[in-house]
Amino acid sequence: MIRLPLVLFFSAVLFSAGVYGVLARRNAVLVLMSIELMLNAVNVNLIAFSQALHDLTGQAFALFVIAVAAAEVGIGLAIVILIYRNRETINIDEVNLLKW
Amino acid sequence: MLGQFLSHPPVELGPIGPELVLAGAGVLVLLGGALVRRRQPRALLLASLAGLTGAAVVSVSLWRWRGHATVLGGMVQADRFAVVARLILLGVAALALVLGHHYFERLGEERPEFYPLVLFTTLGMTLITAAADLILVFLALEILSLSLYVLTALSRRLAAVEGSMKYFLLGAFSSAFFLYGVAMAYGATGSTHLSTIARSLAGQTGNQALALAAVALLVIGFGFKVAAVPFHMWTPDVYQGAPTAVTAYMSAATKVAAFAAFLRVLMTSFQPLTWDWTPIVWGLAVATMIVGSVLAIAQTDIKRMLAYSSIAHAGFVLVGVSAATQEGIQSALFYLLAYAATILGAFGVVMLASGRGEEHTSLGSYAGLCRRSPLLAGLMSLFLLSMAGIPPTAGFIAKVNVFRAAVDAGHWGVALVGVLASVVAAFFYIRVMVLMYMQEPLEDVEPDPSIVPRLAVAVPALLTLLFGVFPGLVLGLLERASVLRW
């Protein structure tokens, strides 16, 4: 039996890694992957709570999150492809038509 | 025997009637757009409008709902707050469909996917206003966000794709924070039902530290959606990049939907923690009003200026939210109604005045607009006056109401900042009016001469005047709608 605080700490680290990835990476696909990491950190959290509380809501919610994450990746990759076709780059620093 | 195995809780579909109608209409329009060989955008428009009308009729019938307060396993709340928010959203969607139809028709682009996407977005928005469970809030938030990302990119212009990508990356980022907040709330109280969370927190049975983390993360998530400073960075880019008709729709509707959910979550499930979240909302309101108003001054593009103005307006609504009283909810609802009408109309005028496509959206191209089109200049002035909060427009009454709610709740400081911010904001609104009326035209832009979109812009203008002169028409209704029970 793994203790709850340990799992929460793990998921917090995972989430922070995702946040770091979103802020530090310049490649749109890597940013997208970092966001996935954040969502999965939350899934770990939900399942840990579900186990600790002896309640199934958390696990059901995790399934919803997985489905939503898949939909999000679908839209996200479509937008990235659209950008690539237009600009021949997916570096988000070079996509800077709009500012101020 | 069989009934024993198939026993299920009673299913009451009444309170999600509007969403069912919208989903049905959306699927039909989607199929119609894909299957019919000779595509008729007009038929798709009419079918979509029929769907919206049906949803509105079902919503109105829910005003007198006598069944359970929550249905479908406590997922959906059937209250008057949801009815009012839905009606505002459906009205905005109908006008935006007319504007968008005209926008793409004039551009000569065939976009049959525009209509179902607007219907699905509206479905997500109306669902989020009625959501009584954090799972449903998250799902509805994703429905509306994913559709909006696609709507933003619905153009051949590069700026639209770029705006869409920024919107998507930041929106997904904020969804993750929101989701983390939901997980924390679940861990703190053992439930995702808004009312169960409230009961658990009121009874001190929940984990307070986790609950506070949940409030903070949920505020970040909602802050992104309503474009509150410091989570506003995407707004100007997205509003400028998106096709103007889509901008009109999302600037008005997203804010209404996100604020409705924000109000419901804060005022029901986290009501026992009111003293803890009020200062956060207070700080957000002050930062949003000041930054939105000051940065709008520096803008040279009308869409960007209106985007910053919409950020500032989010701050004014937050003033009403920070009051955390029934009066606060009522004032926030009225502000949202006035804001939705005004910003929809303003972007509608921008769409008509900026020629075909998006070529002329700089402030300079508004010089001498009253020579070329007195009607458009007059409508624009009305909307700008309403945004600045000058009587006799709805914006004035709305601002007075939120400030009064804040002062009554003892937050006179935030009201004072609000008044100062609206003085600053008046400068850039009136600057556009000076350009339109007192300068010679610089460029030769022919405004769009069509009648139908003009009517679609005239409707919000009439509402702005009507609610400014006779606010009593809706204030009574809003007061009865601003009771959030748990």
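Bear in mind that the values in this text are calculations on the coordinates, not laboratory data. It should be emphasised that the depicted structure is a prediction, and the values quoted were computed from it without experimental measurement. Using ideal geometry, Cβ is built from the backbone for each residue, glycine included, and neighbour counts are taken over all protein chains shown.
Listed values, structure above:
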item: Interchain or long-range residues, amide H under 5 Å from B:Asp301's placed H; result: B:Leu363
item: Charge-dipole axis of the stretch B:11-481 as Lys and Arg at +1 and Asp and Glu at -1 on Cβ define it, positive-most pick from B:Trp234, B:Gln439, B:Tyr180; result: B:Gln439
item: Sequence ranges B:234-242, B:268-276, ranked by mean other-Cβ count within 10 angstrom, highest first; result: B:234-242, B:268-276
item: Within the stretch B:65-112, trypsin sites (Lys or Arg not before Pro) in DSSP loop having at most 14 other beta-carbon neighbours inside 10 Å; result: B:Arg66
item: Proximal charge balance of B:Leu484 [Cβ under 11 Å; K/R count +1, D/E count -1]; result: +2
item: Built amide H within the under 5 Å cut-off of B:Val76, gap 5+; result: B:Val71, B:Ala132
item: The stretch A:7-73 shape via C-alpha gyration tensor axes, a/c threshold 1.5; result: oblate
item: Calculated [θ] (222 nm, deg cm²/dmol) that DSSP helices of n ≥ 4 give over chain B, each run adding -39,500 (n - 2.57); result: -25000 deg cm²/dmol
item: HN-Hα J in Hz across the stretch B:89-94 - Karplus 6.51, -1.76, 1.60, θ = phi - 60°, x for Gly and Pro; result: 5, 5, x, 4, 4, 4
item: C-alpha long axis of helix A:57-87 to longest principal axis of chain A, angle in °; result: 10 degrees
item: Ranked packing of B:178-188, B:403-413, most packed first, by mean Cβ within 10 Å; result: B:178-188, B:403-413
item: Acute angle (nearest 10 degrees) that the helix B:114-130 long axis makes with the longest principal axis of chain B, alpha-carbon atoms; result: 40 degrees
item: 5 angstrom amide H check on B:Ile390, placed H, neighbours 5+ away; result: B:Phe396
item: 10 Å Cβ neighbours from other chains, averaged over peptide B:183-192; result: 6
item: Most to least packed among B:20-28, B:433-441 [average Cβ atoms within 10 Å]; result: B:20-28, B:433-441
item: Förster radius 56 Å - calculated FRET efficiency between A:Leu30 and B:Tyr437 (Cβ-Cβ, nearest 0.05); result: 0.65
item: Per-residue HN-Hα couplings for the stretch B:427-433 [Karplus 6.51, -1.76, 1.60; θ = phi - 60°; Hz; x = Gly/Pro]; result: 4, 7, 5, 6, 4, 5, 5
item: Relative contact order %, the stretch B:11-481, counting alpha carbon pairs below 8 Å whose residues are six or more apart; result: 15 percent
item: The stretch A:23-57-the stretch B:438-486 distance, computed between alpha-carbon centres (Å); result: 42 Å
item: Chain B shape via C-alpha gyration tensor axes, a/c threshold 1.5; result: oblate
